[in-house]
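To start, the structure itself, in C-alpha cells.
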Amino acid sequence: MDLYKHTIYCVTEDKWVEGWYEKTTISGCPNNDTHEVDIDSTAIVDFQASIGPKMSDGRPVVRADTRPMGTQTVFTMRADDIKIGDGRALRWDFSNSDDMYTPVSGSNGPTLASGIKAKQIDLKFNDPIYLKDGTIYFFDAPWDACCSMYIVVPAGNYYPNDYGSIPASALGLPGSQMYSYAAIDVYYANYVYSHYMYGSCPMGDELNAEGCQVDALPVGWVLRGILCTPDSDNVSKGFASFELYRNRTIVLPGDPLGE
C-alpha cells in the first residue's frame, strides 16, 4: 500500500503533529481524533510507495505475468483423483457410447440441437487452481463438431450469486455477498463457447489468454467439457491440455495437506 505522511497543527496540544496514513487527506489529529485542529494547516510532507514483495536478498520482485504468488506453472492433460494428476483426462472418442451427455430438466446448462449428440467430461482438482491457456487436439471431426468448457458447481454446494437469497452471514462467511444453493449442478461460468473443430488438428489448436483467472477454482467445483458432434459421427476423437497455476504439483512425504 502507498503511505502518506501528513502534518497538521493541533490546537489542543498547541503544536504541529505528524502521522502516516493510506489516505491523501485527513481531518483530525494523529494523536487523538477528539483534539481541535486547524484543518487549513494540513499538508503531505512525505510519501512511501508500496514496492510489493521482495526477494530473499531484499530486491523488490518485478513481474510481468499474472501467476499468483506462491503458485507454480503446470501443464497437464489430467485432473486429480487420489493423487495430483492421476484423474480424468479431457479426452473423448465418439466410436463408443461412454460419457454421453443428456441435458437435465431445470438446469442452466447447454441444450442440444436436433441431430447433435455430445459427451460430458468432468475434471476435479484437489487444490484450488488458476486456469490460463489450453490446447485442443482433434481428429476426423465432421462439420458442426465443437467444444465448450464450463465451470460447474456440483449439486449440494453453495455458490456466490448476486441474485441469490442466502446472505454470507447465514453460511458463517464475512462480507455482504449473497449466495445460492445448488439443488442440481449449476453452470457457473462458460469460458469456451462452441469452439468449432473440423478435420484433424494433430499439432493442436491453441486457446491463449493474456492472464490467468482472477479467482481460483474452489476445491470441489468442476471443469466440465461438453463435446458436440452430429449423430452420424462414429469416428471423431480428441483430447486437450491445460496451462494452470497451483500451489502443489506433487504431495511430498509427510505433507499434512495430503489428499
Neighbours of Glu206 by Cβ distance under 15 Å: Lys/Arg at +1, Asp/Glu at -1, summed charge -3
Largest to smallest principal axis extent of the C-alpha atoms in the range 3-48, angstrom: 29, 15, 14
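Could you give the dipole magnitude of the range 3-48 about its Cα centre, charging the beta-carbon of Lys and Arg +1 and that of Asp and Glu -1, in debye to the nearest 20?
Details: 3 positive and 9 negative charges, 35 e Å.
Here the size comes out at about 160 debye.
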Which number comes out as Rg/Rh for the range 110-204 once both Rg and the Kirkwood Rh are worked out on C-alpha atoms? 1.08
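Report the net charge of residues surrounding Gly109, where surrounding means a beta-carbon distance below 11 angstrom and charges are Lys +1, Arg +1, Asp -1, Glu -1. Show your work: numbers first, answer last.
Numbers: positive: Arg224; negative: Asp185.
Local net charge: 0.
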Among Phe242, Trp221, Asn96, which residue has its Cα furthest toward the positive end of the charge dipole of the chain, with +1 on Lys/Arg Cβ and -1 on Asp/Glu Cβ? Asn96
Hey, can you grab everything whose amide H is under 5 Å from the amide H of Lys117? Only 5+ residues off in sequence or another chain; H modelled, so Pro and N-termini drop out. Thr229, Asp231
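Cβ under 12 Å from Tyr191's Cβ, Tyr191 left aside: what net charge do those residues give with Lys, Arg +1 and Asp, Glu -1? Could you put the intermediate results ahead of the total?
Details: positive: Lys132, Arg224; negative: Asp133.
Neighbour charge sum, excluding Tyr191 itself: +1.
Calculated FRET efficiency, Ala183 and Met203, Cβ-Cβ r, R0 45 Å, to nearest 0.05?
Numbers: r = 43 Å, r/R0 = 0.95.
Once the sixth-power term is evaluated, E becomes 0.55.
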By a straight-distance test (C-alpha under 16 Å), which aspartates and glutamates pair with Lys237 as possible cross-link partners, with residues fewer than eight away in the same chain excluded? Asp93, Asp98, Asp99, Asp140, Asp144, Asp205
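Would you please name the chymotrypsin sites (Phe, Trp or Tyr not before Pro) within the range 121-208 that are DSSP coil residues with at most 16 other C-beta atoms within 10 Å of their C-beta? It would help to have the intermediate numbers written out before the result.
Details: sites: Phe125, Tyr130, Tyr137, Phe138, Phe139, Trp143, Tyr150, Tyr158, Tyr163, Tyr179, Tyr181, Tyr187, Tyr188, Tyr191, Tyr193, Tyr196, Tyr198; in loops: Phe125, Tyr163.
Of the chymotrypsin sites (Phe, Trp or Tyr not before Pro), the ones in loops of the range 121-208 whose Cβ has at most 16 other Cβ atoms within 10 Å are Tyr163.
What does the charge dipole of the chain about its Cα centre add up to, to the nearest 20 debye, if the Cβ of each Lys and Arg holds +1 and the Cβ of each Asp and Glu holds -1? The partial results should precede the final answer.
Details: 19 positive and 34 negative charges, 154 e Å.
The calculation lands at about 740 debye.
Could you tell me the relative contact order of the chain? Use alpha-carbon pairs under 8 Å, at least six residues apart, and round to a whole percent.
Values: 573 pairs, mean separation 65.9, N = 259.
Reported as a whole number, the value is 25 percent.
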Can you give the three extents of the C-alpha atoms in the chain along their principal axes, from longest to shortest, in whole Å? 89, 47, 41
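Read the figures in this text as sums done on the coordinates, not as results from a lab. As the structure is a prediction and not an experimental result, all values here were calculated from the model. Methodologically, a virtual Cβ is constructed for each residue, glycine included, from the backbone with ideal geometry; neighbour enumeration extends over all protein chains shown.
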